[in-house]
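Step one of this worksheet: look at the structure below.
The values are calculated or read from the model by the stated rules, or taken from the named source; none is laboratory data. Computed from a prediction, not measured in an experiment: that's the story for all the values here. Reconstructed Cβ throughout: ideal geometry from the backbone, glycine too, with neighbour counts over all protein chains shown.
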Amino acid sequence: MTADAALAGCRFLHFASVMLLWGAFAFLWTLVPLELAAGIGRRLRWLWIVAAATAVATIAAALPLEAAMIGEGWTDAFDPATLQAVLFETSVGHAWQGRALAVLLVLAAFAAPARMRMGAVALAAALATATAALTGHAVMQGGWEGIAHRLNDACHILAGGAWVGALAPLLLVLRAFDESDSRRQAGTALRSFSFAGHFAVAAVLATGVVNTMLVLGRWPTQWSSPYQALLAAKIMLVAVMTGLAIVNRYHFVPRLADHHDEGMRAIRLVTITEIVLGVAVVALVSVFGMLEPV
């Protein structure tokens, strides 16, 4: 395996893990009634452990992989002089320091008192997610344009993480509808998610258009370019996810009142499909974010 392929895989796992923690904990903290949120948090404890461990492992692996790409291949991945030079003398190294600090804050947040833990993890994971804007095409420009680009990129990633990351605990919210003692809380959480989802989806679309214009200056129509082909694929997947979200909100959710079982099955299926498509989007971004934007 080449160093760039390994780094793309590392980026995918890292972005997916921190976006999951951000979206899931933000959803449980702000939109789900406390008792139901606590129960879902306990049931998904294994997922939080896997995501946090993945974030730590991938940020640790990223620096040697960056050194291998900047240097002369795998021989430089663990060369102390090369690692030191990359860490302290390059923008890649400076960005890695910020990302590593954010991951440490996520771990510290898990040790917060129980009454504060959900909010602390959400905020720390939001920071870890936003630090993705310190790398990739958002750092191409300088001055105020560069700052605006980084801020827009951070908003894009945070909105996408809030949307996709919330879908995993949403599946357990949907399951809670089958339990009479939690049905009312589940209904509150679903309505809150449906309302907040409008803003997340709108933010993803708006910031995505701005990012495309800032990086490419036009729509990705030249599919002979690997960068433009992958970007176009991402845009199409996001468009499908948006369509599914609209169908869920305005067709299947209203059907719950008169056709509960049928509507619930449809909502679960659409939610799982959105998760799969969201993972595919993160994978595409992890790859084309390393390509020359031509």
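Side notes on the structure shown:
- Within the range 76-89, at least one residue is outside any helix (DSSP H, G or I), touching a helix residue (DSSP H, G or I) at 6+ places or on another chain (Cβ under 9 Å) and not charged (D, E, K, R).
- Helices (runs of 4 or more DSSP H) wholly inside the range 1-73 that include at least 1 residues being under 15 Å from Thr131 (Cα atoms): 3-30, 45-70
- Inter-residue pairs, beta-carbon under 7 Å, first farther than 14 Å from Ile235 by Cα and in the range 195-219, second of a type in the set (Phe, Trp, Tyr) and not in a loop (DSSP other than H, G, I, E, B), 6+ apart: Gly197/Trp163; Ala200/Trp163
- Among (1) β-branched (Val, Ile, Thr); (2) surrounded by 18 or more Cβ atoms within 10 Å (Cβ to Cβ); (3) within 28 Å of Met118 (Cβ to Cβ) - the single one Val215 does not satisfy: (3)
- No other residue among Ala100, Ala154, Ala189, Ala128 is at pLDDT 90 or above and either over 29 Å from Asn248 (Cβ atoms) or surrounded by fewer than 18 Cβ atoms within 10 Å (Cβ to Cβ) (or both) apart from Ala100.
- Yes/no for Ala196 being within 24 Å of Thr273 (Cβ to Cβ), at pLDDT 95 or above, in a helix (DSSP H, G or I) and not basic (Lys, Arg): no
- Looking only at the range 41-56, and only at residues there that are in contact (Cβ under 8 Å) with a residue 40 or more places away in the chain and surrounded by fewer than 24 Cβ atoms within 10 Å (Cβ to Cβ), the one that is farthest from the chain's Cα centre (by Cα): Arg43
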